Amino acid sequence: MDPLSRLTELFKQFPGIGPRQAKRFVYFLLTQNNFYRDNLTKLILDLKNSVAECATCHRFYIKDASKSSSCQICSDPHRDASQLLIVSRDVDFENIEKSRTYSGTYFILGGSVPILEKDPASKIRGDELLKLIEEKSATGLQEIILALNLTPEGENTEQYLISYLKPLTDTKNIKISTLGRGLSTGLELEYSDSETIKNALRNRH
Ligand SMILES: [Zn+2]
């Protein structure tokens with residue numbers, strides 16, 4: 001395969017990008033100057049050095065001088081340790097944090113469970129989540145908030161998680177709550193504005 005086709009193939013693997021858009025990216029790069037291409041290449045190469053996955057909540061964060069294996073939120077003593085909010089992906093986390101309506105801690109599932117999935121455990125970080133809840137139950141965890149998309153796949157993930165977590169949360173006396181639906185069905189956290197997120201969190205049940 002020639003380099004143009006190989007690059008097109010790589011872009012095709014990006015979320016939501018089809019073959020035609022992938023090809024447009026390649027031609028776009030060809031029309032840019034060397035500075036643009038060098039800058040892009042450098043930033044991609046630097047990702048591994050500048051970004052780490054948090055050992056506690058599993059979100060990606062910008063490394064700082066502290067050399068801590070946990071992100072700035074997990075290491076912040078001012079965050080409310082009684083609440084743990086669970087989201088599918090980093091983009092959901094970012095949008096909730098941006099809404100400034102939540103001051104507890106987070107956990108990134110790393111995916112969601114499609115309907116009729118035969119091996120749901122392989123789609124999310126279930127073991128890591130159980131381990132974290134076990135640890136946090138010793139330091140005052142009282143509530144787990146499932147903040148998943150209000151789509152069929154999000155609701156399927158929610159149902160799976162509730163039955164998966166219940167044996168542990170019942171023993172530890174931890175409440176599981178889910179987002180308030182309000183009028184919005186099909187709501188995706190990634191595309192929700194701060195006001196919608198605030199209402200969904202406030203009306204959780
Ligand atoms: Zn973290």
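The values are calculated or read from the model by the stated rules, or taken from the named source; none is laboratory data. Predicted model only: the values in this text are computed from it and were never measured. Cβ atoms come from the backbone with ideal geometry, glycine included; neighbour counts cover every protein chain shown.
Report the residue count in the range 138-155 for those that are crowded, with 17+ Cβ neighbours inside 10 Å and either of a type in the set (A, V, I, L, M, F, W, C) or more than 23 Å from Asn199 (Cβ to Cβ) (or both).
So the count comes out to 7.
Within the range 1-29, how many residues are within 16 Å of Thr41 (Cβ to Cβ) and modelled with pLDDT under 95?
Residues meeting the conditions: 1.
Kindly indicate whether any position in the range 42-50 is farther than 18 Å from Leu141 by Cβ and surrounded by 14 or more Cβ atoms within 10 Å (Cβ to Cβ). Show your work before the answer.
Applying the first criterion (farther than 18 Å from Leu141 by Cβ) to the range 42-50 yields 42-50.
If we keep only those that are surrounded by 14 or more Cβ atoms within 10 Å (Cβ to Cβ) too, we end up with none.
The answer is no, given that none of the residues of the range 42-50 is farther than 18 Å from Leu141 by Cβ and surrounded by 14 or more Cβ atoms within 10 Å (Cβ to Cβ).
Condition (residue is surrounded by fewer than 11 Cβ atoms within 10 Å (Cβ to Cβ), among the aliphatic types (A, V, I, L, M) and either within 18 Å of the chain's Cα centre (by Cα) or at pLDDT below 95 (or both)) applied to the range 51-72: is it met by at least one residue?
The answer is yes; a qualifying residue exists.
Sort through Ala52, Ala22 and tell me the only one that's in contact with a strand residue (DSSP E or B) (Cβ under 8 Å, 6 or more places away or on another chain), not in a loop (DSSP other than H, G, I, E, B) and not hydroxyl-bearing (Ser, Thr, Tyr). Spell out how you get there, then give the answer.
Details: Ala22 fails: in contact with a strand residue (DSSP E or B) (Cβ under 8 Å, 6 or more places away or on another chain).
Answer to the check: Ala52.
Being touching a helix residue (DSSP H, G or I) at 6+ places or on another chain (Cβ under 8 Å), at pLDDT 95 or above and under 27 Å from Glu153 (Cβ atoms): is that true of Leu84 here? Give the derivation first.
Numbers: touching a helix residue (DSSP H, G or I) at 6+ places or on another chain (Cβ under 8 Å): yes; at pLDDT 95 or above: yes; under 27 Å from Glu153 (Cβ atoms): yes.
The answer is yes for Leu84.
For (1) small (Gly, Ala, Ser); (2) not in a helix (DSSP H, G or I), each residue gets a yes or a no:
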| residue | (1), (2) |
| --- | --- |
| Leu161 | no, no |
| Leu165 | no, no |
| Thr171 | no, no |
| Ile176 | no, yes |
| Gly180 | yes, yes |
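Which members of the range 134-159 meet the condition of being in contact with a strand residue (DSSP E or B) (Cβ under 8 Å, 6 or more places away or on another chain) and part of a loop (DSSP other than H, G, I, E, B)?
Thr139, Gly140, Leu141, Gln142, Ala147, Leu148
Listed residues Lys118, Lys123, Lys98; which is loosely packed, with under 12 Cβ neighbours inside 10 Å, more than 10 Å from the ligand (Cβ to nearest atom) and closer than 20 Å to Leu150 by Cα?
On the way: Lys118 fails: closer than 20 Å to Leu150 by Cα; Lys123 fails: loosely packed, with under 12 Cβ neighbours inside 10 Å.
Answer to the selection: Lys98.
Only residues in the range 8-24 that are surrounded by 10 or more Cβ atoms within 10 Å (Cβ to Cβ) count as the first member; pair them with residues that are outside any helix (DSSP H, G or I) and of a type in the set (Gly, Ala, Ser), Cβ under 9 angstrom, at least 6 apart or cross-chain, and list the lot.
Qualifying pairs under 9 Å: Lys12/Gly18.
Which residues, counting only those in the range 55-80, are touching a strand residue (DSSP E or B) at 6+ places or on another chain (Cβ under 6 Å) and within 21 Å of Leu109 (Cβ to Cβ)?
The answer is Cys57, His58, Arg59, Phe60, Cys71, Arg79, Asp80.
Looking at the range 38-53 only, could you name the residues that are within 12 Å of the ligand (Cβ to nearest atom) and without any contact (Cβ under 8 Å) to a residue 12 or more places away in the chain? Step through it out loud before you land on a result.
Taking the range 38-53 and keeping what is within 12 Å of the ligand (Cβ to nearest atom), we get 52-53.
Listed by number, the list holds a single entry, Glu53.
Which of the residues that make up the range 54-82 are within 14 Å of the ligand (Cβ to nearest atom), touching a residue at least 40 places away in the same chain (Cβ under 8 Å) and within 17 Å of Gly140 (Cβ to Cβ)?
Thr56, Cys57, Ala81
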